[in-house]
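These notes concern the structure reproduced below.
What follows is calculated from the coordinates using simple rules that are stated; it is not laboratory data. Treat the numbers as computed from the prediction; the structure is a model and nothing was measured. Don't worry about glycine lacking a Cβ; one is built from the backbone with ideal geometry, like all the others, and counts go over all protein chains shown.
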Amino acid sequence: MGIIKYSKNPILTKKDVPFNVNSIFNAGSTKINDKYLLMCRVEMPNGRSSFVKAVSDNGYDFTVDSKLTLTPQDHKEHYKYVEWGIEDSRITKINDSYYLTYTGYSKYMPLVILAETKDFSTFKIFGPITEPSNKDCTIFPEKIDGMYWKIDRPNAEHRRDIWISSSPDLLHWGNYKVLMEPAEGTWENDKIGSSSQPIKTKDGWLLLYHGVRGFGISSLYKIGVVLLDLQKPWIVKGKSQEPILSPEFNYERIGDVQNVVFSCGWIDEPDGKVKIYYSGADSNICLAETSIDYLLTICK
Ligand code: BMA
């Protein structure tokens, strides 16, 4: 079926937020009690970000909560690692808990924070699970070979690769391996990072990732998809040869950061369709639809 951008994009803009924000974008996504839930990043007028949830019965029409869901101030003893904001959550359901991995931003530079919730009202915040500088972390929804697995993107000096590591308890991580490197000279030349939580399919784990290429003073952000081995998730079985989502329309080209499409999550449906939630120009939330079968085809 290809990838179809929703005709009524964007599905959320700052006008849909019942309080004053600079922007709403980069939402983690999941389903809870048969509803679609987006954990949206809202950049407040002072330039620091928090999260607000938005809920929908159909995955297209979302209502944004009247107050913030999670703020830097909620981080108590971890506050100094999130003082400049919390950004870009990814949501993974394991048993009856939802685990959020997101960027904590502070003078120490970005790192990854882990939090757990069962209801998106109260959160258990575990604090940093990486050192800085690291972003774009997502956790696999089940143990593989007796361990939990996460994917993230350390910012080593001249490198911007995606790494994978494992843990017995989601808190203590090791067994680090490079998972993917940017394909040189292509749309993802400058850096890559994971975008979505992994989805399990018969052929492997599907993962959205973003790729960046700089042109002059601006960078072009696009989205691709990769297939990882089911039992050995550190093995890449295939990936899209070209981006599956690129900035085309004004709502993706014009905004706080121009020419950006960026995703933090997707939702797979029982009928094999997939809703990809993504943001345009760091200024809104959009939707694109596809199917697992199509994504598997282009990863082969
Ligand atoms: C990345 C992240 C995202 C943002 C993107 C494009 O590095 O900071 O939050 O959407 O840049 O500006």
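Worth a mention:
- Taking 7 Å steps out from each Cα toward its Cβ at ILE254 and ASN175 produces label points 5.0 nm apart.
- Put simply, when 159-169, 204-214, 46-56 are sorted by average Cβ atoms within 10 angstrom per residue, most first, you get 204-214, 46-56, 159-169.
- Look at the alpha carbon pairs under 8 Å that are at least 6 residues apart: their mean separation over the length of the range 195-264 gives a relative contact order of 29 percent.
- Between ILE32 and ASP61, the simple spin-label model (points 7 angstrom out along Cα→Cβ) gives 2.2 nm.
- Take 73-80, 85-92 and order them by the average number of nearby Cβ atoms within 10 Å per residue, most first; the result is 85-92, 73-80.
- Proportion of all alpha-carbon pairs of the chain beyond 36 Å (%): 7
- By the Kirkwood approach, averaging reciprocal distances over each pair of separate Cα atoms, the range 70-155 gets a hydrodynamic radius of 13.0 Å.
- Of the GluC sites (Glu not before Pro) in the range 169-266, those whose Cβ has at most 12 other Cβ within 10 Å and which sit in DSSP loop: GLU184, GLU248
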